[in-house]
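Down below is the structure, laid out as structure tokens.
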Amino acid sequence: MTARIGSLVASVLVVALLLAVPEALRPYYVGLVTKMLIFALFAMSLDLLLGYTGLASLGHAAYFGVASYTIALLLLRAKLSSEIAFPASLVAATVTGALFAPLALRGRGSYFLMITFALAQVVWSIAFGWRTFTNGDDGMPGIPRPDFGWSLDNAQSFYYFVLVVVAVATLLLVLIVKSPFGRALRGIRESESRMQALGYNVWLYQYVAFVLAAAFAGLAGALYAYFNRFVGPEYLHVIQSAEALIMVILGGAGTLLGPAIGAAVIVFLEDYVSSMTQHWVLVLGVIYVVVTLFAPRGLIGLIVSYRQRRFEP
Amino acid sequence: MIWVIDTLNGIAFGMLLFLLAAGLSLIYGLMKILNLTHGSFYLVGGYIGLTVMQRTGSFVLALIVAALAIGLIGAVIERFFLRRFHLDELPQTLLTFGFLFIFADLSLWIWGGDPIMITQPQIFAASVPMGDYAYPLYRLFLIVVGLVIAGALWWFQEHTRLGTMLRAGVDDAEIARALGINVSLLFTLVFAAGAALAAIGGVLAGPVLSLYPGADFDTLILAFVVVIVGGLGSLRGALAGALLVGLLDNFGKSFFPQFALFTVFVPMAIILVVRPTGLFGRR
């Protein structure tokens, strides 16, 4: 009971803090927190696959980047408005997921990882190589932010827009995870064969989880295109997929809170390290090794085992 | 005639891919480790070879030093890091991923961001007349070296005591251990040998393809496609897959330069649908 009141107080506090961000921080840091929120959504979408379904994808940037590029191409090349481009970007990410999932699900474990990695790299190579269409590695700058009657051009108003979108998406993810569907996914994670024997169509569940994860990753990608007003092939690169993967694992796979915390930590570290040296990739590598060796169940896991040691001597 | 040249180029590239895929495949077959650092072994091996070549001018020495150095690094990674997570796929993959980034950044630091080539050994600087064209002798040398290494690996696997142990370990590591085979040592040896092969591939590729930051990812992806097509854990599969991918990639690059990867990935997708364990893979 006290635990429940405690977590209620904590959530109210977090919401209050998130609402107060634009008032309390300078615009640069408002931007940084906006980025944290976007990557929290991206990491949570990956966790639907990795933590809940037990499928480690190394190509999650594909769906993120496909949505970003759809926004850029429709707004800048086709001169359409965001009323069309924004939903179209989600459709594009979902369709990409729906096409890639059957191939990726031909394998498990390392095979799944290799296939998702390879497929994402195909998308990256198109964005990188097809210069006449995508501008190659120059990327596409000048993406206008959507205008729903009030302008999102300053950091504060865009922050609230992202906060609302990410909050709604998180609520949907919570509903998915807590639904019978979500429970079945966790069952599949623990034992595919047992769930099969219980009459579940395991493949279909995994397929739907894959496509949902792609759709939510696409939402994050669309927000990120507006946030930076720019898209480039690095959105699709394996480093982007790798960052999402370590966000999930650093925070704690199999929870939604964990990946969100992991995302905040990684985004903060990337900003901090990049302001001092150019060796963010090196630091990212070291984080991978250190987390795997010392916190395999993530920060959430560390907290849980600390509590258990305190209360159960 | 251009077809013959494209085919030869494809085979030469396939041989380089084989050097990577053989190690990747045997390491997975024996220890169930998907080694994402394999592309880094190739790139850093190539860079070490470059430095040795610049200092001493000896290509043979470059090959030896690169193979030994990367073999040693591989042994250390296996002994002190991967070993802690035996048969636990995700942490092992994450560790190799971490090392991939560490090596990528360190080599960018040491060798810079511009593409560099290794000067080819003097004896192979000539070219062979082929119809209206002149074909570089070095590429023919690559094909020969690749075939020799493939033959040596096959002979080693089929006809030596260590090779028999390796096959036993791939089939069932637990039983092999119970039969008194020193599986622990075997793991380190195979990991080091796989790493060294990748480094040799990097040095051999140096005079043909340039070494550049990102080559680690690019070659890793192609090596993945090779083992997906050929099947993990099989030497035969690695060779067949490498030749197929080498040829497809080469023809793809000359006919559809903007969509080069497609000519490789479409066949991969088809094979995945028809035979998910690859041409020579086992369930």
Kindly provide the set of residues from region A:231-247 that are in contact with a Gly (Cβ under 6 Å, 6 or more places away or on another chain) and farther than 16 Å from A:V66 by Cβ, ordered by number. A:M247
I need a count of the residues in region A:176-199 that are under 19 Å from A:R106 (Cβ atoms) and over 23 Å from the mean Cα position of the chain (by Cα). 4
Flagged in region B:220-259 as hydroxyl-bearing (S, T, Y) and buried (at least 23 other Cβ atoms within 10 Å of the Cβ), in numbering order, are B:S234
Select from region A:118-148 the residues that are among the β-branched types (V, I, T) and within 11 Å of chain B (Cβ to nearest Cβ) and write down the one among them that is nearest to A:G107 (Cα to Cα). A:V122
With respect to A:T255, determine if the residue is part of a loop (DSSP other than H, G, I, E, B) and of a type in the set (S, T, Y). yes
Quick one: A:Q278 ticks every box in (1) of a type outside the set (D, E); (2) outside any helix (DSSP H, G or I); (3) more than 10 Å from chain B (Cβ to nearest Cβ) bar one, so which box is it? (3)
Selection from region B:169-224 of residues that are outside any helix (DSSP H, G or I), on the phi < 0 side of the Ramachandran plot and of a type outside the set (D, E, K, R): B:L179, B:I181, B:N182, B:G206, B:P207, B:V208, B:L209, B:S210, B:L211, B:Y212, B:P213
Of all residues in region A:150-169, which are without any contact (Cβ under 8 Å) to a residue 24 or more places away in the chain, under 14 Å from A:P22 (Cα atoms) and of a type in the set (F, W, Y)? A:F161
Residues in region B:98-146 that are surrounded by 14 or more Cβ atoms within 10 Å (Cβ to Cβ) and within 14 Å of chain A (Cβ to nearest Cβ) total 11
Confirm whether B:A240 is assigned to a helix (DSSP H, G or I), more than 16 Å from B:A21 (Cβ to Cβ) and not basic (K, R). no
From the list A:V291, A:V211, A:V267, pick out the single residue that is farther than 30 Å from A:G187 by Cβ and either away from chain B (no Cβ under 14 Å) or in a helix (DSSP H, G or I) (or both). A:V267
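Bear in mind these aren't lab numbers, they're just calculated from the coordinates by the rules spelled out. In this text, all values refer to a predicted model and were calculated from it rather than measured experimentally. Glycine gets a Cβ as well: all are built from the backbone with ideal geometry, and neighbour counts include every protein chain shown.
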